[in-house]
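Data block below; observations after.
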Amino acid sequence: MAAGCKAQPAPQVPDLAFNRHIEVMVRAQFNLPPKVIVTIGARKPSQIPGYETLPVTLSSGTNSQIVDFLISTDGKTLARLEKFDLTNNPVFAIDVAGRPIRGNPAAKVTVINFDDLECPYCSQMHRTLFPATLDRYKDLVRFVYKDNPLIEIHPWAMHAAIDANCLAAQSGDVYWKYVDYLHAHGQEVNGEVRNLPKSFDTLNQLAREHATLGKLDNAKLDACLQLQDESTVRASMKEAEALNVDGAPSLFVNGERIGGAVPEEQLWTVIDRALRDAGVPPPSTIAAPSQPASPAK
């Protein structure tokens, strides 16, 4: 093996004053609390011409996160480039298998609503969707509800979601009628004194009444109501959390998010956009059938 002497690169000496400028800028842009420690790393080559990668570590206690910035080679510009994986966006992979569908099952636009059956804002959104939105779009759109009961503030929402799913296991139509009723009669479930066991009994009784009207298997329903299995609802809540859904209602229109109850005009703007992107003319742009000419007199 050949031996020889090689010049070693000089160690990189940080410019403390310059790093201070970077730290102050990062703190301001991220609105970092004082206890967070900002550590400026060594520059590395980047794929962006005229820029180098500058790793910045944000630390607080035992937690730390490295955020890669871009810094121009002349040291005058700090930037941040964030990459998004277009092939793995969870908003396009929301699990709706087995969920009751309202509207045209084959529609090219899907409105998914993470719903809470005790939430007054969800009731408001529900009234916007049904019947006005459904009547407007008819077979152009399908609607799917997912469970996201806010159990910290709505004590009977979990029970209601379970009862609704018990009905859905036998009939999608009866599920929707039950959901319609609860969103229109939440005060009936609350009762005058908000007695939680009575609310549970009311939810079960309403489910049985809807099952009877829908000619469902009452014995099967009773077994489901008694079991009160939370697993399906919890799985939906976990999916909502993964989507950063932190409230209800939360809608996804072919992936586009709408947070909270919004006026129908705003909702329809989003649905119209999704229809156009799917190659389907929205109702407002569909030409009315031509009328036959009046006979000449």
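Looking at region 114-208, what helices (runs of 4 or more DSSP H) fall wholly within it and have at least 1 residues that are over 23 Å from the mean Cα position of the chain (by Cα), without any contact (Cβ under 8 Å) to a residue 60 or more places away in the chain and over 22 Å from Asp222 (Cα atoms)? Because the criterion is at least 1 residues that are over 23 Å from the mean Cα position of the chain (by Cα), without any contact (Cβ under 8 Å) to a residue 60 or more places away in the chain and over 22 Å from Asp222 (Cα atoms), the helices (runs of 4 or more DSSP H) in region 114-208 that meet it are 134-137, 186-190. Among the residues of region 132-142, none qualifies, meaning not one is buried (at least 22 other Cβ atoms within 10 Å of the Cβ) and among the acidic types (Asp, Glu). Every residue in region 218-258 that is part of a loop (DSSP other than H, G, I, E, B) and surrounded by 13 or more Cβ atoms within 10 Å (Cβ to Cβ), please. Those that are part of a loop (DSSP other than H, G, I, E, B) and surrounded by 13 or more Cβ atoms within 10 Å (Cβ to Cβ): Gln228, Glu230, Leu243, Val245, Gly247, Ala248, Pro249, Asn254, Gly255. The residue of region 102-113 that is farthest from Val179 (Cα to Cα), among those that are more than 18 Å from the chain's Cα centre (by Cα) and touching a residue at least 60 places away in the same chain (Cβ under 8 Å), is Lys108.
Out of everything in region 78-111 that is under 25 Å from Ser46 (Cβ atoms) and aliphatic (A, V, I, L, M), what residue ends up being modelled with the lowest pLDDT? Checked region 78-111; the qualifying residue modelled with the lowest pLDDT is Leu81. The set of residues from region 202-250 being in contact with a Phe, Trp or Tyr (Cβ under 8 Å, 6 or more places away or on another chain) and closer than 12 Å to Leu167 by Cβ comprises Leu203, Leu206, Ala207, His210.
Taken across region 64-79, residues that are surrounded by 14 or more Cβ atoms within 10 Å (Cβ to Cβ) and acidic (Asp, Glu) do occur, with at least one present. Answer yes or no as to whether Leu227 is over 18 Å from the mean Cα position of the chain (by Cα), under 21 Å from Ser171 (Cβ atoms) and touching a residue at least 12 places away in the same chain (Cβ under 8 Å). No: the conditions fail for Leu227. Screening His210 with (1) within 17 Å of Val179 (Cβ to Cβ); (2) surrounded by fewer than 17 Cβ atoms within 10 Å (Cβ to Cβ) gives one miss only, at (2).
Hey, can you tell me all the residues within region 30-46 that are under 21 Å from Thr73 (Cβ atoms) and in contact with a Leu (Cβ under 9 Å, 6 or more places away or on another chain)?
Matches in region 30-46: Ile40, Gly41, Ala42, Arg43, Lys44, Ser46.
The values are calculated or read from the model by the stated rules, or taken from the named source; none is laboratory data. Predicted model only: the values in this text are computed from it and were never measured. As a convention, Cβ positions derive from the backbone with ideal geometry for all residues, glycine included, and neighbour counts pool all protein chains shown.
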